[in-house]
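Here is the structure we will look at, set down as structure tokens.
The values are calculated or read from the model by the stated rules, or taken from the named source; none is laboratory data. Quick caveat: nothing in here was measured; it's all calculated off a predicted structure. When we count neighbours, we look across all protein chains shown, and the Cβ atoms used for this are built from the backbone with ideal geometry, even at glycine. Quick note on the areas: whole protein, heavy atoms, side chains included, nothing else; ligands and nucleic acids left out. Shrake-Rupley method; radii C 1.70, N 1.55, O 1.52, S 1.80 Å.
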Amino acid sequence: MLVACICFVIGIFFILLEYDEFAIIANTLGFIITLNALLSKKVASKNNTIDSTKETLKALAHSDFEAISFKILKKDNNPYIHELETLSEIMQKRQNKMRKRIRKLHEKNIQNTQLLSTISHEIKNPLSIIQASAETLVMQPNLDVTLRSKLLNRIMVYGKKINALLNKLTLSQSLEHSVITIKMEKFSLQSLCEEVIDGFKGYLLKNVYTQKKIILEGNDREIFADRILIEQVLNNLIYNALKYADSEIIVRIKDKYFEVIDDGNGVEKSEIKELAKKFYQGKDAKHTNHALGLGLFIVKEIAKIHNAKLEFFSKRNKKEGLCVRFIL
């Protein structure tokens, strides 16, 4: 550009001296030099744009977002900077979503592995007891009547345990994926509670929790709900309470809700939010032999179906442990 300026100065000098032909030649030469310089600069700028765009696209292809410098693109006046920024944002969002999905799948795989292990353990123990009892009955047909009755009762008890376990698994899946038929009807809540409690008296209270009792309190009320599912709610709540109660469980009927209360140690406030999560077993679960963590999850799903509300209270007074309230 310096040479072009000199040419224009010389041209002006020739004009002043009235050497028009030399002035035209000098100005023309200056114009040619200037045009050439501008074209060279434009080509260089275009090459820089192409190079920076290539580098950015290459970094995006390898998801190397840290290698992209949009400041440099702005400095080079890259005309595609807006499109490149948008593309980078979209790709980063998709990558983050993919990472979350992979993490969730990994957690789900771990959870499924643990569940299979738990189910295997929970079924294997009762089956081994059933098998041993059955083998004894077959190999010793002349057993004492009392011992024979004890073995048959043991087979019945552990057979029911396996059946209850499989029913819980099936019901939890059906509720979670909304593939369950609902039959709404009016019925007496007190009558249902009495039926459920009688079932516990004839089985668990007689054979497992022999030192515990279930007390029904409150006045009868008629509710509109799926009777089978509410029966499942009561079964799960009472069974859960039996595992943690010291000596008694109270089933209380009120005008707007019913609740099941044990007289155990209760739970910590930080644990209450976790109680109804699927497969959550509680901090003391390892000390017991129950162990799928589906009972309260099923209760929560049934509450959703009925537009009901589930509430938990712990240690409201010295006599109470955990209270689970079903507002319906």
Practice item. Within the stretch 230-260, work out how many residues are closer than 22 Å to residue 168 by Cβ, of a type in the set (A, V, I, L, M, F, W, C) and touching a residue at least 60 places away in the same chain (Cβ under 8 Å). Key: 7
Study note, to complete from the structure: Sole miss for residue 107 among (1) at pLDDT below 90; (2) part of a helix (DSSP H, G or I); (3) surrounded by 11 or more Cβ atoms within 10 Å (Cβ to Cβ) is condition (3)
Practice item. Counting only residues that are of a type in the set (Val, Ile, Thr) and either buried (at least 16 other Cβ atoms within 10 Å of the Cβ) or modelled with pLDDT of 90 or more (or both), give me the strands (runs of 3 or more DSSP E) lying completely in the stretch 226-319 with at least 1 of them. Key: 248-253, 257-262
Point to revise | Top-ranked residue of the stretch 159-180 - restricted to ones that are of a type in the set (Ser, Thr, Tyr) and open to solvent by 70 Å² or more (accessible area, probe 1.4 Å), ranked as nearest to residue 132 (Cα to Cα) | key: 170
Check your understanding: Can you tell me which residue in the stretch 181-207 is farthest from residue 298 (Cα to Cα), limited to those that are touching a helix residue (DSSP H, G or I) at 6+ places or on another chain (Cβ under 8 Å) and open to solvent by 50 Å² or more (accessible area, probe 1.4 Å)?
Key -> 207
